[in-house]
Amino acid sequence: MYKIAKENLPALFQLIAGERELYVPVNNNGQVNFAAWTEGAVVDLDTLKSVKSPKDAFFPQSENLYTCYKDGKKITIQPEELQNQNFVVFGMKACDVKGVEVLDKVFLSEPVDSFYAARRAHGTIVALACHEPEESCFCKVFGIDCAEPVADVAAWMVEGELYWKALTEKGEALTKAAASLLTETDEAKVEAEKAAIRAIVEKLPYSDLSLEGWNGDALTEKFNSPVWEDLYKPCQACGTCTFVCPTCQCYDIKDYDTGHGVQRYRCWDSCMYSDFTMMAHGNNRTSQLQRFRQRFMHKLVYFPANNDGMYSCVGCGRCVEKCPSSLNIVKVIKAFEKQGGDQ
Amino acid sequence: MQRIGVFVCHCGSNIAATVDVKKVVEMVQMEPGVVHAEDYQYMCSEAGQAKIAAAIHEKNLTGIVVCSCSPRMHENTFRTAAQRAGLNPYMVEIANIREHCSWIHKDMEEATKKAVILARAAIAKVNLNTPLQPGESRVTKRALVIGGGIAGIQTALDIADAGYEVDIVEKTPSIGGRMSQLDKTFPTLDCSACILTPKMVEAAAHEKIKIYTYSEVEKVSGFVGDFTVDIRKKARSVDANKCTGCGVCQEKCPSKKAPSEFNRGLNTRSAIYTPFAQAIPNVPVIDRDACLKFKTGKCGVCEKVCQAGAIDYTQQDEIVTEKYGAIVVATGFDTIKLDNYDEYAYNQSKDVITSLELERIMNAAGPTKGHLERLSDGKHPHEMVFIQCVGSRCSDNRGKSYCSKICCMYTAKHAMLIRDKYPDVNVTVFYIDVRTPGKNFDEFYRRAVEEYGVNYIKGQVGKVILKPNGKLLVQGSDLLDNKQILKEADMVVLATAIEPEPSVRQIATMLTASIDTNNFLTEAHPKLRPVESPTAGVFLSGVCQGPKDIPETVAQAGAAAVKAIGLLAKDKLMTNPCTAKADELMCNGCSTCANVCPYGAISYEEKEVNDHGIRETRRIAVVNNALCQGCGACTVACPSGSMDLQGFSNRQIIAEVDAICR
Amino acid sequence: MSLNNEEFRPKIVAFCCNWCSYAGADLAGSSRLAYPADVKIIRVPCSCRVNPMFILRAFEKGADGVILCGCHPGDCHYSTGNYYARRRMTLLFSMLDYIGVENGRTRVEWVSAAEGVKFSQTMNEFVEKIHSLGKNVRLGDLRCRN
Amino acid sequence: MQELISRAKELLADGTVARVLGWRAGDLPYNPEPAYFTTAEELENFVYNGFCGANLSKYMIEASKLEGKTMVCLKPCDTYSFNQLIKEHRVDREKAYIVGVGCKGKLDIEKAKKLGIKGIESVSGAEMTNAADTLTFQTIYGEKSCSYAEAMLERCHVCKGKEHMVYDELIGESKDTKDAERFAEVEKIEAMSPAEKFAFFQKELSKCIRCNACRNVCPACSCRKCVFDSTKFDSAQKANVDSFEEKMFHVIRAFHVAGRCTDCGECSRVCPQGIPLHLFNRKYIKDINELYGEYQAGADTESRGPLTNFTFDDCEPSIVTQR
């Protein structure tokens, strides 16, 4: 275990950024999101959650796949280069790290998504324990311990000092690279911090949320439930929940004519949109009820069914905070719980 | 994917001298969809069109781009050619590489580059073209002529003689127009009334002609073949059916101080009046602003003296709604106001008059019974000065930039008439140029100079000064002798510029006919379609289109009539298929489009739709293709982009933008 | 003389209404009144057909200036189209100004069919203005840059 | 709130309405959600407090298609949106029983959170019956408080007034909470140099994630299919590949609602990235007011909107360069 004083973090960032790209939570006009560290960037490690999850570090909101060039009647295709430089994501939370694990299930299983795989191979995650969890958090429900994140490096911020512990080879390598700024220390303070965090987590309103009945076997029963009919109504079909979510993985592939070549790129899509999975014959989900149901069925039923029971929700609570109509996955789970109780 | 053929025209050397047409052919072949490209000397020629037809057949072309002159010139030619070869005419697009390229650029490389880009834009558009089918609309076999001067009368007579109903709407109490105010006409010097009056009578008597005098066009809706027009018949206060035209009412009318419009305000008339003796109809009107009965409630003399009981003070304006297939505008002209020309002392001296006023003075029915005399003191003048181009050919904004065309000739006429009748009067004419193109015109002018001794001075008049003794001092310059001239005159006559009758603006707006900066109505083409307005079904007759003299006016009136007859002779018309269309699955039914439609072409229907499986009844915009003129205002007002314009669709225009910007 | 061989050649899109301005451009052509080849004309039926999206699209794809020409107010072939266009463009241009786009990059000019001289003059002026503003960097899509 | 509930029960009971559109208590103290109620029993969960910021007008588009009338709770500013929707034939006035609910300013929990208030367990001071001007939060990290005004939504600081523009009956009192100039922020930007303006908007818009929350909650953006989702303009780029797309999206969105936007402020309320989107709409409103005369969309249901109207002597677009 190492530590570094908070005021020395800029030096650490500079050091890391000197040899590889570094993504940190940056405050831009009041909103904190992960962004490439630059000299003068306002790094914000105090705000618990970035607005968008840091999943873009591995699965960017949009990325080019290849470009077609035309010369006369001849067309050449130039594929986009895969990530080949190492980079660091600093300050991810335990839930966000778990979110990457969910994405791994999707993109690293066959057929492997080479763009994603290249980024995963070159990325090192420094995860930060949640100093003061908030009422929208429910990572505990998914077995995540926000007091002890599992990543390449785990870190804690205690009394003005950042504690640093490498957990993987990549983590060790990064530690070595940053060694000049780190000093060795024991784990006493960190243990106290962990205990404090866990105590707070116990008090969070959603921590006792029950996922009973939500699993890969619940398909028909949940799908056909009348509860959706009432639940979806406030949904205005914006994609906010999917865009802030650390586990949503759907994307669309589109072409853009630049005038001197056509770029084929992919970009996040949202199952909340009426043109989601639009095909020549139209859409396979025609109502908002169907689209709304899809999102939660996917996270709580279809995904666990295909991934050894792993839910594709990590309880980060971003959707709880950002939904314009105050809808969220917690309300969905509770609604079913209530209905179950009523029966 | 379309199969596009590109045809690049040399236009002789008009294009080929500046644009490397071979290079254009080579470059456009790289464009998506292009399967054929060739160049030719004159694409619009029969041989050129045959090349297009051959390519359509040989290469199974589905779309055509012609790189040539402006589509305003030959779009129709090429569309027709394509149609003859079995292609939908709306699959043709023109890249204007002459007016917009070869004629304005000198550098060949640059012009060629631009021509290729313009061609690309047209190709990109054609790629998205779809075959369009014109609709049909019926033709109402009746024409409206707005204006009852010689232009309107002649047009009406010609249309009526061809067997079609025609209505004349004239805003003054009588038809006749400006020509009825003229004394003699050039270059024959025959009496204006003598040749006009028979035409007026003929029109009035014609069984196919209906005349609305003292009436104005109030509202026009509809479109070519099917106009609906509201005509306001102003209250005459005299029952035209009862009136015998005896004239007693005018004699007895105690209110005789209203300025006579017919005599240009040089004398007065009674409150109940017919503008002139030969007026048609010979039914007086009561000028309610001048009539004592209307002003004070006391009088009623005319009612008492009218044997026929035709006076009706309670008469109201009446709106008549009629349908017409064609409309001819013949609104004529007026002379300009001389408020900007203080230097000629027009407003200071009664002896400075306009030429039109001189016409009235010379006329036996005029204010002086035809005697040439000074209006200030009734004395016979000895020295008369004519000043040409007053307000015409003006380089500043006080007057008009154009030449009024008729002034040179009527001034020569006036000079000659005066010298002939009053050999004691010296006549001097100040002119910039004397313009006499026309049959027997120059001979006429030369007679004025050579036989009648009229003194022509090339030069402009700077000032006319009213002297205390009542005479006028004209300060001018003689450009040929290069000297200043001071000339004393008893009368000064100003050849005042003419301008379109001011009410033409409103009429043009109602007809959606375009108008130029001088308020002259614009022709559909300045050379090839000079009597048609760009608005289908609207034709132009007389000075409303541009200055002209009587024979030209009559000629144009006949031409306008022929165009109208050509339209009325059809039973059905093909409508422009480039109309707006709402995508019913995207339409919100919000009415925004209808709010901006100038033709009232959009209405709403409750319609059952199947939106990808969702069946519901929705309020949806429906465009009437016969009413829609294809302006596109609705397409931009529509927030969802549901409304689109066929032939100029969003995607087509965007494709052009992309092609130009890439 | 500039040492820079890559002389800035702006891309300029001119939307012209069919009835007045396009004819005005034709007249400029037949009167041989030159203006730079940078100007490319797109024919639309009326100035009111021009959607603000077309203008933004042109900028997106690399245009350096966009000009809209229509009939003089009062002379619209469709009687009222240019009045709507006038309001739309006023508001659009104001918004572009508001978000920091140099406000000479957009222009509306009323050109009649008889104003070939004005058309040519306007285009010369506009091209000159765009030259003084330089390349449009604030309102283009980076992907479209060469 | 009790008065609202009992009135709703009455209206349901006597068959005047088939359902009630209001807010249901959330599972956190500040997250009530818009909801339909059809029985007295369901109405037990009805809530109306300072956190009921959502403008329910847009929900009436769908509700207008349902059988029977819907009792809808509209705050004064929501009624402008409703009127505008009537004008555009998007809602059926006959299908709505409008209860104009009192409003004393709505709260933005994000503002409280920005003040460092987190781990919220309960809130007091947000109830409509309470005239308190302080909000007290019980949190995991102790009791915290802030003034009501401090946590108010931006739109409430430029309140359009306490009058309802359309209603069938009124329940509860309203307060005009205006304490700032509506166009002050716009004026500040107008005064900047082009480079500063560009930098300002670049910074704000670079946060945009194109989630479409602003569009989807906007009562003026009621198109069945948005141009940005349609193939007709080839503008459906979906993602923020390039910063131009945000500009295109927001400028066009603002343009599409220009003259129709009532300035209800929902766009700014819901933006997950806190982009002051109202600055676009308000710029158009300011321009319209200055150039074409004062106009408040939704103040009535008949007037012609400024972009579907004109006068012969409107200013020329060049006025932009002259101002």
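For the range D:170-228, how many residues are among the small types (Gly, Ala, Ser) and in a loop (DSSP other than H, G, I, E, B)?
Here is the first cut: in the range D:170-228, the residues among the small types (Gly, Ala, Ser) are D:172, D:174, D:180, D:184, D:191, D:193, D:195, D:199, D:206, D:213, D:220, D:222.
Of the ones still in play, those that are also in a loop (DSSP other than H, G, I, E, B) are D:172, D:174, D:180, D:191, D:193, D:206, D:220, D:222.
Residues flagged as among the small types (Gly, Ala, Ser) and in a loop (DSSP other than H, G, I, E, B) within the range D:170-228 amount to 8.
Looking at the range B:597-662, the strands (runs of 3 or more DSSP E) lying wholly inside it that each contain 2 or more residues that are closer than 27 Å to B:Met91 by Cβ sit at B:614-623, B:643-645. Among the residues of the range C:102-121, those identified as over 14 Å from C:Cys17 (Cβ atoms) and among the hydroxyl-bearing types (Ser, Thr, Tyr) are C:Thr106, C:Ser120. Scanning the range B:560-602 for residues that are at pLDDT below 90, surrounded by fewer than 18 Cβ atoms within 10 Å (Cβ to Cβ) and in the same structural domain as B:Gly632 (by TED's automatic domain parsing) yields a count of 1. How about the range A:65-121: which of its residues are of a type in the set (Lys, Arg) and more than 14 Å from chain B (Cβ to nearest Cβ)? Selection gives A:Lys93, A:Lys98, A:Lys105, A:Arg119, A:Arg120. For B:Ala564, the conditions (1) part of a strand (DSSP E or B); (2) among the aliphatic types (A, V, I, L, M); (3) touching a Phe, Trp or Tyr at 6+ places or on another chain (Cβ under 6 Å) are fulfilled apart from (1). Contact annotation: no residue pair with Cβ atoms under 6 Å, 6 or more positions apart or on different chains, pairs a residue in the range D:279-306 that is in contact (Cβ under 8 Å) with a residue 12 or more places away in the chain and at positive phi with a partner that is of a type in the set (Gly, Ala, Ser) and assigned to a loop (DSSP other than H, G, I, E, B).
The requirement of being within 30 Å of D:Asp229 (Cβ to Cβ), in contact with a Ser or Thr (Cβ under 9 Å, 6 or more places away or on another chain) and modelled with pLDDT of 95 or more is satisfied by A:Pro246.
Taken over the range B:624-651, the criterion of being more than 7 Å from every other protein chain (Cβ to nearest Cβ) and surrounded by fewer than 23 Cβ atoms within 10 Å (Cβ to Cβ) is satisfied by B:Asn624, B:Asn625, B:Ala626, B:Leu627, B:Gln646, B:Gly647, B:Ser649. Among the strands (runs of 3 or more DSSP E) confined to the range B:177-269, the ones with at least 2 residues that are acidic (Asp, Glu) are located at B:215-223, B:226-233.
Yes or no: the range D:150-169 includes at least one residue that is over 18 Å from the mean Cα position of the chain (by Cα), surrounded by 19 or more Cβ atoms within 10 Å (Cβ to Cβ) and not in a loop (DSSP other than H, G, I, E, B). Can you show your working first?
From the range D:150-169, those over 18 Å from the mean Cα position of the chain (by Cα) are D:150, D:168-169; that's our starting set.
Among the residues that remain, those that are also surrounded by 19 or more Cβ atoms within 10 Å (Cβ to Cβ) are: none.
Scanning the range D:150-169, I find no residue that is over 18 Å from the mean Cα position of the chain (by Cα), surrounded by 19 or more Cβ atoms within 10 Å (Cβ to Cβ) and not in a loop (DSSP other than H, G, I, E, B), so the answer is no.
Kindly evaluate B:Val429 against the criterion of being hydrophobic (A, V, I, L, M, F, W, C), surrounded by 22 or more Cβ atoms within 10 Å (Cβ to Cβ) and either in contact with a Phe, Trp or Tyr (Cβ under 9 Å, 6 or more places away or on another chain) or part of a strand (DSSP E or B) (or both). In short, yes. For the range B:90-110, filtered to residues that are in a helix (DSSP H, G or I) and surrounded by fewer than 23 Cβ atoms within 10 Å (Cβ to Cβ), the residue that is farthest from the other protein chains (Cβ to nearest Cβ) is B:Met91.
Among the residues of the range D:259-282, the one identified as surrounded by fewer than 24 Cβ atoms within 10 Å (Cβ to Cβ) and over 15 Å from the mean Cα position of the chain (by Cα) is D:Gly259.
Residue check: is B:Ala82 touching a helix residue (DSSP H, G or I) at 6+ places or on another chain (Cβ under 6 Å) and crowded, with 24+ Cβ neighbours inside 10 Å?
Working: touching a helix residue (DSSP H, G or I) at 6+ places or on another chain (Cβ under 6 Å): yes; crowded, with 24+ Cβ neighbours inside 10 Å: yes.
Here the answer is yes, as B:Ala82 does meet what is asked.
Part of a loop (DSSP other than H, G, I, E, B), under 30 Å from B:Phe539 (Cα atoms) and either out of contact with any Gly (no Cβ under 9 Å at 6 or more places or on another chain) or of a type in the set (Lys, Arg) (or both), is that true of B:Lys337? Even if it seems obvious, please write down each step before you answer.
Working: part of a loop (DSSP other than H, G, I, E, B): yes; under 30 Å from B:Phe539 (Cα atoms): yes; either out of contact with any Gly (no Cβ under 9 Å at 6 or more places or on another chain) or of a type in the set (Lys, Arg) (or both): yes.
So B:Lys337 passes the test.
Would you pick out the residues in the range B:340-383 that are assigned to a loop (DSSP other than H, G, I, E, B) and among the charged types (D, E, K, R)? Step through it out loud before you land on a result.
Initially, the range B:340-383 is screened for residues assigned to a loop (DSSP other than H, G, I, E, B), giving B:340-341, B:345-351, B:363-382.
Hits for the range B:340-383 are B:Lys350, B:Asp351, B:Lys369, B:Glu373, B:Arg374, B:Asp377, B:Lys379.
Being over 21 Å from the mean Cα position of the chain (by Cα), modelled with pLDDT of 95 or more and either in a helix (DSSP H, G or I) or in the same structural domain as A:Gln85 (by TED's automatic domain parsing) (or both) narrows it down to one of A:Phe13, A:Phe34, so name that one. Full working, then the answer.
Values: A:Phe34 fails: over 21 Å from the mean Cα position of the chain (by Cα).
Sole residue among the options that is over 21 Å from the mean Cα position of the chain (by Cα), modelled with pLDDT of 95 or more and either in a helix (DSSP H, G or I) or in the same structural domain as A:Gln85 (by TED's automatic domain parsing) (or both): A:Phe13.
Here A:Glu39 meets the list (1) closer than 27 Å to A:Thr183 by Cβ; (2) within 14 Å of chain D (Cβ to nearest Cβ); (3) charged (D, E, K, R) almost entirely, failing just condition (2).
Small (Gly, Ala, Ser) and assigned to a loop (DSSP other than H, G, I, E, B) - does that describe any residue in the range A:181-197? Taking every residue of the range A:181-197 in turn, none turns out to be small (Gly, Ala, Ser) and assigned to a loop (DSSP other than H, G, I, E, B).
So which of D:Cys264, D:Cys315 is within 14 Å of chain A (Cβ to nearest Cβ), in contact (Cβ under 8 Å) with a residue 24 or more places away in the chain and hydrophobic (A, V, I, L, M, F, W, C)? Spell out how you get there, then give the answer.
Working: D:Cys315 fails: within 14 Å of chain A (Cβ to nearest Cβ).
Selected residue: D:Cys264, the only one of D:Cys264, D:Cys315 that is within 14 Å of chain A (Cβ to nearest Cβ), in contact (Cβ under 8 Å) with a residue 24 or more places away in the chain and hydrophobic (A, V, I, L, M, F, W, C).
In the range D:93-106, the residues that are touching a residue at least 60 places away in the same chain (Cβ under 8 Å) reach residues that are part of a helix (DSSP H, G or I) and of a type in the set (Ser, Thr, Tyr) with C-beta atoms within less than 7 angstrom, at least six apart or across chains, in these pairs: D:Gly100/D:Thr79.
Does A:Ala127 satisfy the condition of being free of Cβ contacts under 8 Å to residues at least 40 places away in the same chain and surrounded by fewer than 16 Cβ atoms within 10 Å (Cβ to Cβ)? Quick ask: steps written out before the conclusion?
Working: free of Cβ contacts under 8 Å to residues at least 40 places away in the same chain: yes; surrounded by fewer than 16 Cβ atoms within 10 Å (Cβ to Cβ): no.
Against the criterion (free of Cβ contacts under 8 Å to residues at least 40 places away in the same chain and surrounded by fewer than 16 Cβ atoms within 10 Å (Cβ to Cβ)), A:Ala127 does not qualify.
For the range C:49-98, which positions are over 30 Å from B:Met510 (Cα atoms), charged (D, E, K, R) and either without any contact (Cβ under 8 Å) to a residue 24 or more places away in the chain or more than 9 Å from chain B (Cβ to nearest Cβ) (or both)?
The initial filter retains those residues of the range C:49-98 that are over 30 Å from B:Met510 (Cα atoms), namely C:53-66, C:93-98.
With the extra rule that they be charged (D, E, K, R), the set shrinks to C:57, C:60-61, C:64, C:97.
Matches in the range C:49-98: C:Arg57, C:Asp64, C:Asp97.
Of all the residues in the range B:70-115, those that are touching a strand residue (DSSP E or B) at 6+ places or on another chain (Cβ under 8 Å), under 17 Å from B:Glu46 (Cβ atoms) and not aliphatic (A, V, I, L, M) number 3. Taking the conditions (1) assigned to a loop (DSSP other than H, G, I, E, B); (2) hydroxyl-bearing (Ser, Thr, Tyr); (3) more than 14 Å from chain B (Cβ to nearest Cβ); (4) more than 27 Å from A:Asn33 (Cβ to Cβ) in turn, A:Ser312 satisfies each one other than (4).
May I ask you to verify whether A:Pro234 is in contact with a strand residue (DSSP E or B) (Cβ under 7 Å, 6 or more places away or on another chain) and in a loop (DSSP other than H, G, I, E, B)? Please lay out each step first, then the result.
Working: in contact with a strand residue (DSSP E or B) (Cβ under 7 Å, 6 or more places away or on another chain): yes; in a loop (DSSP other than H, G, I, E, B): yes.
So A:Pro234 fits the description; yes.
Go over the candidates B:Lys458, B:Lys379, B:Lys439 one by one and state the one that is in contact with a strand residue (DSSP E or B) (Cβ under 8 Å, 6 or more places away or on another chain) and either at pLDDT 95 or above or surrounded by fewer than 19 Cβ atoms within 10 Å (Cβ to Cβ) (or both). Before the answer, list the steps.
Working: B:Lys379 fails: in contact with a strand residue (DSSP E or B) (Cβ under 8 Å, 6 or more places away or on another chain); B:Lys439 fails: in contact with a strand residue (DSSP E or B) (Cβ under 8 Å, 6 or more places away or on another chain).
Unique residue meeting the criteria: B:Lys458.
The values are calculated or read from the model by the stated rules, or taken from the named source; none is laboratory data. A quick note: this is a predicted structure, and the numbers were derived from the prediction, not measured. Here the Cβ is made from the backbone with ideal geometry for all residues, glycine too, and neighbour counts use every protein chain on show.
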